[in-house]
Every structure is written in structure tokens, then in C-alpha cells.
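The values are calculated or read from the model by the stated rules, or taken from the named source; none is laboratory data. From a predicted model like this one, the values you see are computed outputs, not experimental measurements. Cβ coordinates were reconstructed from backbone atoms using ideal geometry, including for glycine residues, and neighbour counts include every protein chain displayed.
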Protein chains: 2
Amino acid sequence: MKIALSQLNYHIGNFEENTSKIIESIRRAKKEKADLVVFSELAVCGYPPLDFLEFGDFVKKCKTSIDTIAKECNDISAIVGAPSVNPVLKGKNLFNSAYFLQDGKIKDVIHKTLLPTYDVFDEYRYFEPNKKFACIEVNGETIALTICEDLWNEEDDPLYTFCPMDELIKSSPKFIINIAASPFDYVHSEFRKAILKRNVLKYELPIIYVNHVGAQTEMLFDGGSLIMNEKGEVLNELKYFEEDFLVIEVPSTKYQVPSKEKKYKSKIEKIHSALVMGVRDYFRKMNFRQATLGLSGGIDSAVVLVLAVEALGKENVFPVMMPSQFSSDHSVNDSVKLAENTGVTCHTIPIENIYDEYISATKPFFKGLPFNVAEENIQARIRGTLLMALSNKFGYILLNTSNKSELAVGYGTLYGDMCGGLSVIGDVYKTDVFELARYINRNKEIIPSTIITKPPSAELRPEQLDTDSLPPYDILDKILFQYIEQHSGPQEIIAAGYDEQLVRRILKMVNTNEYKRFQAPPILRVSPKAFGLGRRMPIVGKYLS
Amino acid sequence: MKIALSQLNYHIGNFEENTSKIIESIRRAKKEKADLVVFSELAVCGYPPLDFLEFGDFVKKCKTSIDTIAKECNDISAIVGAPSVNPVLKGKNLFNSAYFLQDGKIKDVIHKTLLPTYDVFDEYRYFEPNKKFACIEVNGETIALTICEDLWNEEDDPLYTFCPMDELIKSSPKFIINIAASPFDYVHSEFRKAILKRNVLKYELPIIYVNHVGAQTEMLFDGGSLIMNEKGEVLNELKYFEEDFLVIEVPSTKYQVPSKEKKYKSKIEKIHSALVMGVRDYFRKMNFRQATLGLSGGIDSAVVLVLAVEALGKENVFPVMMPSQFSSDHSVNDSVKLAENTGVTCHTIPIENIYDEYISATKPFFKGLPFNVAEENIQARIRGTLLMALSNKFGYILLNTSNKSELAVGYGTLYGDMCGGLSVIGDVYKTDVFELARYINRNKEIIPSTIITKPPSAELRPEQLDTDSLPPYDILDKILFQYIEQHSGPQEIIAAGYDEQLVRRILKMVNTNEYKRFQAPPILRVSPKAFGLGRRMPIVGKYLS
């Protein structure tokens, strides 16, 4: 039997585009003589549709798409993910389903059993878990059709009390198909393969795995659909971070091919590709073309500029320098050099005069009080206001340049440098931002080396350095990682060899700055625990604060 | 048997405060000869603890609190809500539990079965549903102990496939206890009573219901704990929007008392009390004292000012007028009058000079292009920057004054009038803001009548009126209500008699402005469907947009 794996980039709620992509792919699969073509989870509506699922009209449109797609399924079968209405009154109104299409109509509908409800996932918010188990049949072959999390019940600390495959195996399927919407993070693709392998070995069946690709605001899907034999060997793998299509023979003659993931040797390479895809897709799906950002002379804005140029083209990125009386000459020079290296046009809007007007307007109130964070933040907010003025006048989208370390400890100005439609590196710790910069310079110097080597500074007061208020980033980031990614408590982090006072101070900064992150832009998610959708904290919480 | 109902205002993660409140209440109950004292759901850690529950350290602190509280339980039993660790490896790591404390120790732990995972609730994100059922015994009386949602499986469209009371009833309990964290909205208290009544009638048992009270950022808990007899009559009811304590005899001699909810005759009265509590609690729990806000001369800022004065005292509210060349004389005069009426000190910072500096700084870029939303937004952002400068200098917290109608259609400036630590009326439609203003003026004119009667205007360009870009609010709000609260699709709203083009335009505005709301402050939730926590929409979605 020949099976086509169709790895597509869907757009949430864009039924017209998604449906026509799926139909195009079915036609291609037919041409290539496939018996079955497999699409990913919730393909017709995109993933995650979130509360759109609460609209009857939206759910109806999903069904209309499926009906349209079914008509294409003559001389071929297809598996397409979509929500379906729960016919039983009790329980949630919907299932997360895989439509099995054959002979121009809906032959069967298989529902997802294990509903991920953690981190960025909210599936039990919408879906009733499946409780009936049956395999499907294509060309006389029995297939165990599963949906993403259905295979993710880990042996050592299972999140669920049940394994759907334990039921499906009773029908003696010949192989497993899993349709997924499994988002990227820099460890996820290995983790995913390990889980698929454990299933393959446990049930002694090959697997065909079809994943989403593309970005939906903060959630990045890396693709990497694959076929794995019953020994756990990857026989073939689709592209990462790109749409792809493959027709294979199943059961497969063993033709192990070089993994397409191999081109990503390091975490930083993966993050780099993910971020470029994230920026590109955000713009395309929002129907935007051009971006702006503030160039400070620091490393964060330099890295974001380069990523934006890669994603959108140098002709579509309009960085702005906004020096104040506190900006150093080297910052301006470095920014000019960077703009030259990337080929973008960089404009300059000095902010001194505007700043002076604010100072004189607030003088009657501030009189006598020393310069402090109030005056610092005025500068950052002037820059935010100017960038948003360009955005409003020309339709540029402002890219936010905050990194994860500063978002964590609140080292940034709300409505100032925290402005932007999309946070590009908000899930990248400062130490990894340096790595990204070095990676960007791997072939030639694009980011001037002085930007990478000088000590980080916000330049909001004379001689300011980040280390005036924060520990060195290599220490800060390690403490943050243990707290945020690993959920370690203060005792554990201190026991790992960090200064008690420092640990308590940093954790307190993280927790008391929840109010700032609440108003941050959406953040491209590249780690297993990003701020935003996947990390939900009470603002009025009084824990470690 | 005498039972004490303890309705307390907990602070998320503030174990010290919560524990000592609970202990104080146990001592009072002992003094009043109660056999049992009942506290609400997740009392020791506050509700909702959200992802704090993913920290082992946090969960341990919950258990430590329970152990401390248990030691107080001599000569009295207590029921206290707290998370507990799931001893079984399979499934989620925690239960949402009710600790039954007796003889100075933990006598039993009862777990929640139905885990609300919709709107503002995410309980399946953290908790494993209970599958074992047993009643508890106090003084020889069998009691069915349930937790909030356990009684909420509605007959007509049940969200769950199972009713825990159907199991518990088999042990022939004498009455039901339900410990809850049931948040306020303006229809919720009636809805709650109706559900409790249906349970009482179905199982022919009286019920003792103990709810949270107080605000946790956006979630407002209104209290209203009660005892209802087996006929569904409310025998006694605790206060709304305040802590309260009551000892009652169960089974009760019938002493039906006047409902404490009766003082709230209308939706607007309830909203008013809820918002005042919301502002007060946010400040207390964040350890803030003083507020600032921009006074525009319009109705939104007028209403927020009055609510803030009620919540914090006139000596703690510092409104600021920031007139521009586009501000009308009547706006300034009305604001001065309002400040007089409320007894606050109002300062004025004209923004013309700052605005002129922005215009001259952007001139090289904007040259030749007509005045548009860019210049309008500069004004709003200057005001935001000035208010935040006062916030930074003096520790005032900026109150946001956006209403639900403008948040819905994106009629507001991100980083401008959308700034603030807390959105006070962001869940109140403009037509209800008018109602609130009239309610505030019920005894005497506090908000000058000219503020209520003049046509709304943002005053960002000459002669501007809201109706230049929006339909009249009475039409707009009705369409928004059908879409947002009722989840009606375009066809349904048009069928209800609204202009097709207008409906499509408004729904498109709602959906395309998701990116703005994403960065809005937390919004005090008073409706069944508020923006924020309870309404999760994809930003890159392309549905009705």
C-alpha cells in the first residue's frame, strides 16, 4: 500500500486556504498513485483554534470543509483532522477527531482519547475524551489511527490512567498512524522520536507520523513527519520548518535515509530556524509585510534585526535609532555598522528634545526628587511611542526585542521597550542570545563583534550597566532555568550551589514582575517552558515574593 | 449538630495570612460551640493558584499549612480545601481536595470529581479527577462532602458524564456540604442558587455551601455562602462581597431570614459592589495604596474615579487632566467639577508642547502625509507615559479606564489609554457604564450630568465623536453581547434584525483586534464572558476577519 504524508502549514480559521491546500495535496497524492493520504491534527481549522471552537458557526465551517474534501476522495482514501460534534448530550460538545474519507464520503470518524491539558495545551477545555476503540481499514489493511497525545502516555510518570493503543492492538493492526500538532521546542524533536520509538517497540508495529508545520502566533510547529519501522528506525523523515510531501510504500522496504533533522546540529541552529519561521508566518498570516524595531546598539536588537531580515527581506525591515543624551557613541556607530552589514535602511530620531519636554512638564510634580526609574522609563516610552507612530503611519509592525532573562526579572519598561506586536527572542535567555549572535556570524561578521563583546547596558542613565542591578547573565540564566524550566524551589536551587540571598532575590523578581509579563507581546516559543500561553501565574500571588 | 460556615478572603500563595485566618476562625467556631467548621475550596493557598501548583515547594507549603491547622482541630472538626498529592503514579500529580480534620489530625481527604475546564477555569490542567466515593462522619452524622463543580452537572446539557452525588447518596448522608470557589458574575448568584436547589430537590437533602469571597486580580468572588433546606429554601445566607461567619444548627429548625443578596436589586448594583471590591483587593494584595488615572472629561474615567475613591479613599486617588489642543473646554470644566464632587486633588499636565516635539521629531518621516491615527495615538501615548511617570515616581498604580465596548472593537490606543495595572470597567459595556454613572448619582450628583449626557468623544482630533467610527453604543453593545456572551454567529445576529454589513464589520473588528486585547491589563470580571482569562482567541486567526 502506498501512503502519502502531507505536512502542511495551516492558518487558524482560514477555511478557504486550508481546504484548498488539502485538496491540492489529495490531487498530488492521487497522481503519485497513493492509496491513502494523511493530514495532521485539526488540519481543516488549524491548531490551536482555541475558543473559536465555542462558536457553532466555526464548528459548522469545519464540517463544511470536511464535506468538500470528502468529495475529492475517489480512488484514494484520506485522513484529515477536524473537530466533530459529540452526538451524546453528556460531556463536552466536541471531539478532536480524525475523519477517515473514502469513496467520496465520510467513512469513519475516530476521536482523540488523551487530551493534553498542560503547558500550552487546553484540549479538555473543548473536547470530550474518546471511549470507543476501533481500527480503520484501507485496502484490506487494518490500521490503528491515533491522534497526537494518544501515544504520549509515558511509562515512568504517565499523565493518564489509560493507553488507547492497548485497546486498538486487540484488532491486530498492521501499523499505527498518528496525526499530530506537536509544537517545537529545542528538545522536542528528540523527545518525540523517543516516544514514537517506545510505542513502536511496545506494540511491535511501524508508525506513520504526520505533524503540523508553521507558526500560529507563539506556537511554532517544526514538522518532521516520519515513518519509523517496528525496530524504531526512522526510515524516512520530512523537512523541518517547511511544508513537505512524501509518498511511501507500507510495509516498507527498509530504505533508511539521511535524517532531515541532521542539518540541525545544535539547539541554537534549531532556535534560529524556528524564530525565522515564527516571524515570517506571523507576518504572512496577519497579512503584514513590513517591520520596524528600535536599534539600541545592543545585542538583542541586533539579533532581532538579523532574524527579521532573514524572515522578511532587507527591503521590508526599517530599524530606527533613537539616541538620547545617555547613548554612547559606540552604540550609534555599532548600529550604523550593523545596518550596513544587513543592507537595511536605518533612520535616526533623536529623543533629547522630547525627553526635555517631558522633564519640564513633570517638573512641578517631581521637583526636588532625584532622577530615578521614572526618568529612565520616560526615555524607553518615548522610543516606544515613536516606533508605534511609524507603525501607525506606515503599517510597519513593531518587533519586540526583549529577551527571556529580562522578561523574567522585569528588567524592561512596560509600554517602552516591552512594546511590539511580536516578541521575537522573549523565550531566549541572554546567554543564548549571545550564542545566536555568534551563530549568525558563523560565516562572516554580520553583527559587529563589538556588539557581542561589550558589557550589556540599557543606557538610560550615565555609565549604566545591566550588572548594576542584576547578577552576571551566566549566573542569572542558570538560576532562572532551574526555577522556570525545571520548577525547582528555592531550597533546591540553593542546594545546587547558589547564594541564598541571590536566589531569593531573583525568584522574588520573577514572581513580582508577573504583572509586566501579563502585558507583554506574544512570545515565539522555543523552550519547553516559555512565558505566556504555557506559563500561567496569578498576578496577586504572594509566593516567594 | 452545630456547623460554622467560614467565608474568608484568601490571598493566593500567602500561606501565613491564609493559615492564620483559618486558625482564628476555628477558634471562634470552638468558642461558639460548633461541632464542625467549614472553609472553602483551596482555602490554604487561595483560588486560583494556577501554575504555582506545578512547584513541589508550593504544594509542600499547602500540606504544611494543613498540618498546622489540623493541630487546632481538637474538640471540633474542620473541612479545609487544599491540593493533595495523588499517591498513584498514573494520572495527574494532584487532587483538588477537601481535608477533613478531627482530633488534631487529618481524618480523611476527599477529592473533587468534576474539574471545571472552561471559561476562567483550568482545573484539569492540574488535577486528577476523583474516582472513589465515600461520605464522612461527624458526631455520628453521615455527610456527603463535595467540592464546587461536583454539584454542577446540569441536567439539560451536562458537561460531564457522571454525577458524584449519585454515588455518595448510596451511603444515605443526612446532608450535603459543598465547599466552593465560585466566582461572581452579574447572573451567577441566581444561577448558583438554582443549581444548589436542583441538587437539594433531586437528592432530598439540605445543603451547606461555603464559598470564597474577595478578588484575585480579575476573578471576583462574591461569597453568599448559605444553608438551604431539602425543599430548596434558603434558610440563611452569608454576606456578599465581604467576609462573614455563621454558626447554624443542622438539621435546621426552619428560620428563613431575609436574604443578604436582597440588598442588590439590580445587575448594576452588583457590578458596582464587585468592582469596588476588585479594586480594593487588588491594591491590598499587591501591597499598593495609591492610584492615579487620567481624567478626560468623559464618562469612563469619571466612573473609574468614583469607584477608586470608594475602594481606596479620596486621599489615595490622584487623577490627572492632560488636555491637548483638541480637548474641549467642557471636558476640562467637567473634570474639575467631578474632582470637587469626589473630594480628590486633581492635577493638570498640558501635553501640547510634548506633542509638538513629537510632531517635529517625526516630521522628516511623515512629511506630506495627512494627520491620521498616528498623530491621534501619539496624544494617547503621551498621556500614558505621563501617568506611568507619576506611577514610577510616587508608586501610584495606574487604573485603566477602557470599557468593554471599546476593548471589543479596538477603539483605544495600545500603550496609550490601554495602559494600567488593572482594568476597572473593561468588562462593562458602554451602555452599562452609563447605568453605573446614573447609579453612582442615585442620591446626589457626583458625576456632573453633562458628562453623562454629552456624546462620547476621544477628543484626539477636532470635532471627533465616537459615532464617527462606531455605530451608536446601544446598537453596538447589543451586537457585541450576542457575539461575545452568547457565541452567536453572524447569520444568527443578522437574523435577529441587525444590518448585515454592520454585523460583519463589527465581528471583524472584534476578531482583528485580538492582538490589542492580548496586551491589555487584567480586567475585573463581572460578566459571564469577560475578555482575558476566560476568553482565549488565536491572534493569527482568520475567522470572520
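With respect to the stated conditions, B:Gly91 fails to be closer than 26 Å to B:Met277 by Cβ, assigned by TED's automatic domain parsing to the domain that holds B:Asp150 and either hydrophobic (A, V, I, L, M, F, W, C) or out of contact with any Lys or Arg (no Cβ under 7 Å at 6 or more places or on another chain) (or both). Looking across the range A:397-411, the residues that are over 16 Å from A:Val303 (Cβ atoms) and away from every other protein chain (no Cβ under 11 Å) come down to A:Ala408, A:Val409, A:Gly410, A:Tyr411. Considering only residues that are buried (at least 22 other Cβ atoms within 10 Å of the Cβ) and of a type in the set (A, V, I, L, M, F, W, C), look in the range B:101-134 and name the one that is nearest to B:Val85 (Cα to Cα). Across the range B:101-134, the extreme among qualifying residues is B:Phe127. Keeping to the range A:95-115, report how many residues are within 18 Å of A:Asp51 (Cβ to Cβ), assigned to a loop (DSSP other than H, G, I, E, B) and in contact (Cβ under 8 Å) with a residue 40 or more places away in the chain. Residues in the range A:95-115 being within 18 Å of A:Asp51 (Cβ to Cβ), assigned to a loop (DSSP other than H, G, I, E, B) and in contact (Cβ under 8 Å) with a residue 40 or more places away in the chain: 0 in total. The conditions of being in contact (Cβ under 8 Å) with a residue 24 or more places away in the chain, touching a Ser or Thr at 6+ places or on another chain (Cβ under 6 Å) and surrounded by fewer than 22 Cβ atoms within 10 Å (Cβ to Cβ) are met by B:Pro173.
Scanning the range B:272-291 for residues that are among the hydrophobic types (A, V, I, L, M, F, W, C), in contact with a Gly (Cβ under 9 Å, 6 or more places away or on another chain) and not in a loop (DSSP other than H, G, I, E, B) gives B:Met277, B:Met286, B:Ala291.
For the condition within 30 Å of A:Glu17 (Cβ to Cβ), assigned by TED's automatic domain parsing to the domain that holds A:Arg442 and among the polar types (S, T, N, Q), A:Asn287 qualifies.
Within the range A:1-29, track down each residue that is away from every other protein chain (no Cβ under 13 Å), under 27 Å from the mean Cα position of the chain (by Cα) and outside any helix (DSSP H, G or I).
Across the range A:1-29, the qualifying residues are A:Ala4, A:Leu5, A:Ser6, A:Gln7, A:Leu8.
Here B:Arg27 meets each of (1) surrounded by fewer than 24 Cβ atoms within 10 Å (Cβ to Cβ); (2) in contact (Cβ under 8 Å) with a residue 12 or more places away in the chain; (3) within 22 Å of A:Ser488 (Cβ to Cβ) with one exception, condition (3). It is to be established whether one or more residues within the range A:30-37 are at pLDDT 95 or above, buried (at least 21 other Cβ atoms within 10 Å of the Cβ) and either within 14 Å of chain B (Cβ to nearest Cβ) or in a helix (DSSP H, G or I) (or both). No, there is no match, as no residue in the range A:30-37 is at pLDDT 95 or above, buried (at least 21 other Cβ atoms within 10 Å of the Cβ) and either within 14 Å of chain B (Cβ to nearest Cβ) or in a helix (DSSP H, G or I) (or both). The single residue among B:Glu310, B:Glu243 that is touching a residue at least 12 places away in the same chain (Cβ under 8 Å), out of contact with any Ser or Thr (no Cβ under 6 Å at 6 or more places or on another chain), surrounded by fewer than 24 Cβ atoms within 10 Å (Cβ to Cβ) and in the same structural domain as B:Met418 (by TED's automatic domain parsing) turns out to be B:Glu310. Screening the range A:318-341 for residues that are within 29 Å of the chain's Cα centre (by Cα) and within 14 Å of another protein chain (Cβ to nearest Cβ) and picking the one that is surrounded by the most Cβ atoms within 10 Å (Cβ to Cβ) gives A:Pro319. Close Cβ contacts (under 9 Å, 6 or more residues apart or on different chains) running from residues in the range B:376-395 that are in contact (Cβ under 8 Å) with a residue 12 or more places away in the chain to residues that are surrounded by fewer than 23 Cβ atoms within 10 Å (Cβ to Cβ) and among the basic types (Lys, Arg) comprise B:Glu376/B:Arg461; B:Gly395/B:Arg289. For the range B:310-318, the criterion of a residue being assigned to a strand (DSSP E or B) and within 18 Å of B:Thr401 (Cβ to Cβ) is satisfied by at least one position. Taken together, the residues in the range A:254-298 that are at pLDDT 95 or above, more than 14 Å from every other protein chain (Cβ to nearest Cβ) and within 17 Å of A:Val526 (Cβ to Cβ) amount to 10.
Table: residues versus (1) under 25 Å from the mean Cα position of the chain (by Cα); (2) assigned to a helix (DSSP H, G or I).
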{"site": "B:Tyr186", "(1), (2)": "yes, no"}
{"site": "B:Phe191", "(1), (2)": "yes, yes"}
{"site": "B:Ile195", "(1), (2)": "yes, yes"}
{"site": "B:Val200", "(1), (2)": "no, yes"}
{"site": "B:Glu242", "(1), (2)": "yes, no"}
{"site": "B:Val247", "(1), (2)": "no, no"}
{"site": "B:Tyr264", "(1), (2)": "yes, no"}
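Listed here are the residues, each with its yes/no results for (1) more than 11 Å from chain B (Cβ to nearest Cβ); (2) surrounded by 17 or more Cβ atoms within 10 Å (Cβ to Cβ).
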residue: A:Gly343; (1), (2): yes, no
residue: A:Cys346; (1), (2): yes, yes
residue: A:Ile349; (1), (2): no, yes
residue: A:Asn353; (1), (2): no, no
residue: A:Phe366; (1), (2): no, yes
residue: A:Ile378; (1), (2): no, yes
residue: A:Arg383; (1), (2): no, yes
residue: A:Leu390; (1), (2): no, yes
residue: A:Gly395; (1), (2): no, no
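Note on the range B:52-79: among residues that are within 14 Å of chain A (Cβ to nearest Cβ), free of Cβ contacts under 8 Å to residues at least 40 places away in the same chain and not in a loop (DSSP other than H, G, I, E, B), the one that is farthest from B:Lys112 (Cα to Cα) is B:Asp57. The residues listed here are A:Glu340, A:Glu269, A:Glu357; of these, the one that is in contact (Cβ under 8 Å) with a residue 12 or more places away in the chain and either among the aliphatic types (A, V, I, L, M) or in a helix (DSSP H, G or I) (or both) is A:Glu269. Only a single item in (1) assigned by TED's automatic domain parsing to the domain that holds B:Ala408; (2) under 27 Å from A:Pro49 (Cα atoms); (3) not basic (Lys, Arg) is not met by B:Ser457, and it is number (2). Please determine, by comparing only the residues of the range A:105-144 that are within 14 Å of chain B (Cβ to nearest Cβ) and of a type in the set (A, V, I, L, M), which one is farthest from the chain's Cα centre (by Cα). Within the range A:105-144, the match that is farthest from the chain's Cα centre (by Cα) is A:Leu114.
Filter the range A:145-165 down to the residues that are crowded, with 20+ Cβ neighbours inside 10 Å and either over 29 Å from the mean Cα position of the chain (by Cα) or part of a loop (DSSP other than H, G, I, E, B) (or both), then identify the one that is farthest from the other protein chains (Cβ to nearest Cβ). Show your work before the answer.
Residues of the range A:145-165 crowded, with 20+ Cβ neighbours inside 10 Å: A:145-153, A:160, A:163-165.
From the residues that got through so far, the ones that are either over 29 Å from the mean Cα position of the chain (by Cα) or part of a loop (DSSP other than H, G, I, E, B) (or both) too are A:152-153, A:160, A:163.
On the way: A:Trp152: 14, A:Asn153: 8, A:Tyr160: 7, A:Cys163: 10 Å.
This residue is A:Trp152.
Exactly one condition in (1) farther than 28 Å from B:Leu114 by Cα; (2) crowded, with 22+ Cβ neighbours inside 10 Å; (3) out of contact with any strand residue (DSSP E or B) (no Cβ under 7 Å at 6 or more places or on another chain) is not met by A:Pro49; state its number. Single failed check for A:Pro49: (1). Per the conditions (1) touching a Leu at 6+ places or on another chain (Cβ under 6 Å); (2) in a helix (DSSP H, G or I), the sole criterion not satisfied by A:Ala374 is (1).
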